[in-house]
Amino acid sequence: MDSKKTPGRRPFHLPGALALAAARRPAGWGPPCARVLLLAAALHACGAAAQPGGEELVRRINDYREAPQRCEGRQREAVGPLTAAPLLSQVDADSAAQLQAALKQRGYLASQLQVVRLSGPADAASVMAMLEERHCRLLSSPAFSEVGVARSGRSWRVVFAQPLLAAEIGEWEQAGRRVLELVNAARAKPRRCGGESFAAAKPLAWNARLGAAALAHSRDMAQKSYLGHRGSDGSQVGVRAERQGYRWGRIGENVASGQGDAEKAVSGWLASPPHCRNIMEPGFTEMGAAYAVNPRSDQSIYWTQVFGAPL
């Protein structure tokens, strides 16, 4: 992973799904889952073909979730109902990894997934009794919002999933402006980024050209399945901003992948000292941000945040 540096600071090289770059233009530069099998996967979901009993089981699961329950000796609060997601009932595979890949190919991206396989129960009531006895914590988990049920005779598969992308994420510019709101809320207070202290900084303004540069790089990362500052054509953030007609005196960039909404992306950047420094840098006055999605890529969603100060 590569990064540019601001004059007077050492460059940062970070592993993982975050990266940043910052630069100042020197003076004079031009423009520029009976048998019970529980499978869990960190990303993406699972399901097969619906038979009678699936809808009834979903209803029983939601009735359970919407009332306080005693589970494993503890009282658990009511949680929201799960939405039936047909694809979770339609896709199956021999392993969690294969299932994850199959769903991803169908365009279903999940941040959390658990699959329960049961053999023996003849009806939904019997399945529910088994789930309550053996998987009450899963049934009442607020971490999931979707469910799929598939049945073949006395074999059942119940899939609990949480989509990767938040339902309210919106189009790229809406999400980018949400990043701006969160960044300005962070800049409004003094903050420590690693070993460096920053005073509160003035809010940044949205810049459409920087937003376009962010979108172009997010799309490139998503299409080519990589995370970094060097574009697939070799370009760096300054060049990409110039391509959009932005004449900059100072330029910076944070990138990230795998976060399903703006809140997660900004939270990750703020938890990383060098990315936090970019966010708190008082020399930046404008910002653009965007995400792009490619279900076939390694991380599915890619974020770019471009900071600038015009000439």
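The values are calculated or read from the model by the stated rules, or taken from the named source; none is laboratory data. None of the values given here were measured: they were computed from a predicted structure. Here Cβ is always computed from backbone atoms with ideal geometry, including for glycine, and neighbour counts include all displayed protein chains. Surface accessibility is based on the protein's heavy atoms, side chains included, excluding ligands, DNA and RNA. Shrake-Rupley method; radii C 1.70, N 1.55, O 1.52, S 1.80 Å.
Structural remarks
- Accessible-area value, Arg250, 1.4 Å probe, nucleic acids and ligands omitted, Å²: 20
- Test item: Cα-centred dipole of the range 138-297, Lys/Arg +1 and Asp/Glu -1 on Cβ, debye: 220
- For Lys264, the solvent-accessible surface computed with a 1.4 Å probe is close to 120 Å², ligands and nucleic acids excluded.
- Viscosity 1.002 mPa s, temperature 20 °C, Stokes-Einstein D of the range 251-311 from Kirkwood C-alpha radius, µm²/s: 177
- Each Lys and Arg adds +1 at its Cβ and each Asp and Glu adds -1 at its Cβ; summed about the Cα centre, the range 105-168 shows a dipole of about 280 debye.
- Potential lengthening of the chain between Arg192 and Thr83 amounts to 35.2 nm, from the contour at 0.36 nm per residue minus the alpha-carbon distance.
- Per-pair calculated FRET efficiency, R0 = 25 Å: Val239 and Ala208 via Cβ, rounded to 0.05: 0.85
- Rolling a 1.4 Å probe over the protein heavy atoms leaves Leu270 with an accessible area of roughly 40 Å².
- Structural descriptor for the range 226-309: relative contact order 35 percent, calculated from alpha carbon pairs under 8 angstrom and at least 6 residues apart.
- Stretch gain in nm, segment Glu263-Arg296, where the contour uses 0.36 nm per residue and the Cα spacing is subtracted: 9.5 nm
- Derived scalar couplings ³J(HN,Hα) [the range 155-162; Karplus, 6.51 cos²θ - 1.76 cosθ + 1.60; whole Hz; x for Gly, Pro]: 9, 10, 10, 10, 10, 10, 9, 10
- Difference of contour (0.36 nm per residue) and Cα-Cα distance, Glu171 to Arg70: 32.3 nm
- Summing charges over neighbours of Cys71, with a neighbour being any other residue whose Cβ is under 13 Å away from its Cβ, gives +2 when K and R count +1 and D and E count -1.
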